[in-house]
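Peer 1: If you scroll down you'll find the structure; I have some questions about it.
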Amino acid sequence: MKKEGGRFVPTEVGMVVTDLLLGSFEDIFDVTYTARMEEELDEIEAGKLNWREAMGEFYEKFEADLTRAEREMRDVKRQEIPTEFTCEKCARPMVIKWGRHGSFLACSGYPECTNTREIPGNGSGEGLSEQDDEQYCDNCGRPMVLKRGRFGQFYACTGYPDCKTTKPLTRSAEKKPDVPLNEPCPQCGGNLVLKSGRFGEFTACSNYPACKYVKQKLVGVKCPQCSEGDLVERRSKRGRAFYGCNRYPDCEFVAWSRPLAEPCPECGSPYLLEKRGKAGTTAQCPAAGCKFKKSLAPAAVPA
């Protein structure tokens, strides 16, 4: 139990434990059974019933329930529930697990990958996802994710353990008004506007929802896979930025690091990838077997 607004409310762990007990010890939690137990206690006090007989009857039923629970009760701590979310560190699927503070998302690649994060909308976050307000690490510039500890929710850097930066949880600011742009919508001819969403600013048609056009963010690099499309910045369901071909689904090229319009001087790869680490930002060649890398000037951290 926890206290909220002057009232006691059940915790997620408490509700799960209750469900498990009711599933395996339904007879003991039945109001008729507990009422009979109170009557037997009164009879023992009055000397009408031998307490050994009453306890023997209880333990006979309880022992059978324990045996069945040991065999059939689901092991919550070991179960893994598949989800649609992807690990931002290794790109493997995330699963729902249970811990002392309730359910959380964990990488299915454990123990090779130990990444965990908060389930969106779970607990006191009131639907706050891990990338609301585009939280970035002040030290290394990597995205922050929402996690839960003994004192509640907080933001933590995805670069852990290399970067151990954390931030307290803050509420999202009021939604910014749309900013008109002097640019027509290529689909309906209406005006484009600069909007503010859960993952930052984006350009879309002012006639939404009649027109659902959203302007793609070109990165200035031709798709290296099909050589026809252009690479654009996209957002995953979890808010993480990735880069793909604008000819999708005809072309399924994807890169999780920002492509740079600069050829590799060693192997001739048509582009490099921007990598952020503890030592700073670098440009690296994506070609297999090529180890070219160079340092880049520190990029400004998004506000």
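Peer 1: Take segment 88-118 and flag every residue that is of a type in the set (A, V, I, L, M, F, W, C) and part of a strand (DSSP E or B). Let's see the steps before the verdict.
Peer 2: Taking segment 88-118 first, the residues of a type in the set (A, V, I, L, M, F, W, C) are 90-91, 94-96, 98, 104-107, 113.
Correct list: M94, V95, I96, W98, F104, L105, A106, C107.
Peer 1: Filter segment 87-110 for residues that are among the hydroxyl-bearing types (S, T, Y) and either surrounded by fewer than 19 Cβ atoms within 10 Å (Cβ to Cβ) or in contact with a Leu (Cβ under 9 Å, 6 or more places away or on another chain) (or both) and give the result. Outline the logic, then answer.
Peer 2: Pass one, segment 87-110, residues among the hydroxyl-bearing types (S, T, Y): 103, 108, 110.
Hits for segment 87-110 are S108, Y110.
Peer 1: Another question, if that's okay. List the strands (runs of 3 or more DSSP E) that sit entirely inside segment 176-242 and contain at least 1 residues that are modelled with pLDDT under 90 and acidic (D, E). Full working, then the answer.
Peer 2: Values: elements: 179-184, 191-197, 200-205, 217-222, 230-235.
Here the list reads 179-184, 200-205, 230-235.
Peer 1: OK, next. Can you tell me which residue within segment 227-250, out of those that are under 16 Å from P286 (Cβ atoms) and surrounded by 14 or more Cβ atoms within 10 Å (Cβ to Cβ), is nearest to the chain's Cα centre (by Cα)? Full working, then the answer.
Peer 2: The initial filter retains those residues of segment 227-250 that are under 16 Å from P286 (Cβ atoms), namely 227, 231, 242-245.
With surrounded by 14 or more Cβ atoms within 10 Å (Cβ to Cβ) added as a condition, the list becomes 231, 242-245.
On the way: L231: 26, F242: 16, Y243: 20, G244: 22, C245: 25 Å.
Only one residue fits best here, namely F242.
Peer 1: Return the residue satisfying two criteria in turn: it lies in segment 252-273 and is in contact (Cβ under 8 Å) with a residue 24 or more places away in the chain and in a strand (DSSP E or B), and of such residues it is surrounded by the fewest Cβ atoms within 10 Å (Cβ to Cβ).
Peer 2: Step by step, filter segment 252-273, then rank; the result is L260.
The values are calculated or read from the model by the stated rules, or taken from the named source; none is laboratory data. What you are looking at is a predicted structure, and each value in this text was computed from that prediction instead of being measured. No Cβ is skipped: glycine too gets one built from the backbone with ideal geometry, and neighbour counts run over all protein chains shown.
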